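As structure tokens, the structure follows; a few thoughts come after it.
The values are calculated or read from the model by the stated rules, or taken from the named source; none is laboratory data. No experiment lies behind these values; they were computed from the predicted model shown. Cβ placement follows ideal geometry from the backbone for every residue including glycine, while neighbour counts extend to all protein chains displayed. Side chains are part of the model used for accessible areas, which takes the heavy atoms of the whole protein and leaves out ligands, DNA and RNA. Shrake-Rupley method; radii C 1.70, N 1.55, O 1.52, S 1.80 Å.
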Amino acid sequence: MKNDLTKTKLAHWVKKLSYREGDFTLASGKKSTFYIDLKATTLHPEGARLVGALAVEEAKRAGLEIEGVGGLTLGADPIATAVSLAALERGEFWPAFIVRKEPKDHGTARYIEGTENLKPGARLLIVEDVVTTGGSSVKAIERVREAGYVAAAVVTIVDREQGGEAAFAAIGVPMIRLLTLADVRAAV
């Protein structure tokens, strides 16, 4: 199966480039004995290609109607671009967008960049590198909803399986995980 092979390859790159053990503090404030910094994977050409292809495949498998892809800067930025390009290769137009943590302090003073490419009320795929509690994606969902868009789903590269999916379900947004922590740890 192509999907299983793609997941296996992605897990390999995540483990090789992004998985570290030690003492870490996560964005959620929680302490952890391991850390997954996916920027090394999502900024690598093969990692980005695999992320994009798998995210599009899984979104299509879930039957999602998508009209844009993005998330909270900085982790989501390379993911959004990879997914947007992979979708285009399949004949889909999913323009990328970026959600700022704070509004731009000059010019348009907006939270979301790339809205020129989105239709009013567009159904958006929110992307995330690693989900623990889901806080970063919940912020992105709030911002896109405030701007009049629909958060169709969250796609995460790695789900740490520590409450993120429940947080999204509580606000009515399904989650798609490309990998779990067990997938990454088992990779060769």
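Brief remarks follow.
- Taking amide H positions as modeled 1.01 Å from N, with prolines and chain starts lacking one, the residues under 5 Å from Arg110 and 5 or more places away or on another chain are Lys104.
- HN-Hα J in Hz across segment 51-66 - Karplus 6.51, -1.76, 1.60, θ = phi - 60°, x for Gly and Pro: 4, x, 4, 5, 5, 5, 4, 5, 5, 5, 4, 6, x, 6, 9, 10
- Expected 222 nm ellipticity per residue - DSSP helices of 4 or more, -39500 (n - 2.57), all of the chain, to 500: -12000 deg cm²/dmol
- Local charge for Ile66 was computed over the other residues whose Cβ lies under 14 Å away, with Lys and Arg +1 and Asp and Glu -1, and equals 0.
- Proximal lysines to Lys31, defined as alpha-carbon separation beneath 29 angstrom and excluding residues fewer than eight positions away on the same chain: Lys7, Lys9, Lys15, Lys16, Lys39, Lys101, Lys139
- Between amide H atoms placed 1.01 Å from N, distances below 5 Å from Trp94 occur with Leu88, all of them 5 or more places distant or on a separate chain.
- Calculated log₁₀ intensity ratio I(q)/I(0) where the Debye formula runs over C-alpha points of the chain, q = 0.19 Å⁻¹: -1.33
- Carbon plus sulfur fraction of accessible area for segment 27-119, probe 1.4 Å, in percent: 54
- Selection from Thr41, Leu181, Ala169 lying farthest towards where the dipole of segment 34-188 points positive, charges on Cβ: Ala169
- DSSP-loop chymotrypsin sites (Phe, Trp or Tyr not before Pro) across segment 54-145, with at most 13 other Cβ within 10 angstrom: Phe93
- Charged-residue dipole, Cβ positions (Lys, Arg, Asp, Glu), the chain about Cα centre, Debye nearest 20: 200
- The accessible area of Leu17, taken with all protein chains in place and a 1.4 Å probe, comes to roughly 40 Å².
- In Å², nearest 10: area of His106 left accessible to a 1.4 Å probe: 110
- In a reduced charge model with +1 at each Lys and Arg Cβ and -1 at each Asp and Glu Cβ, segment 24-127 shows a dipole moment near 300 debye about its Cα centre.
- Residue-normalised accessible area of the chain, expressed per residue, 1.4 Å probe, Å²: 48
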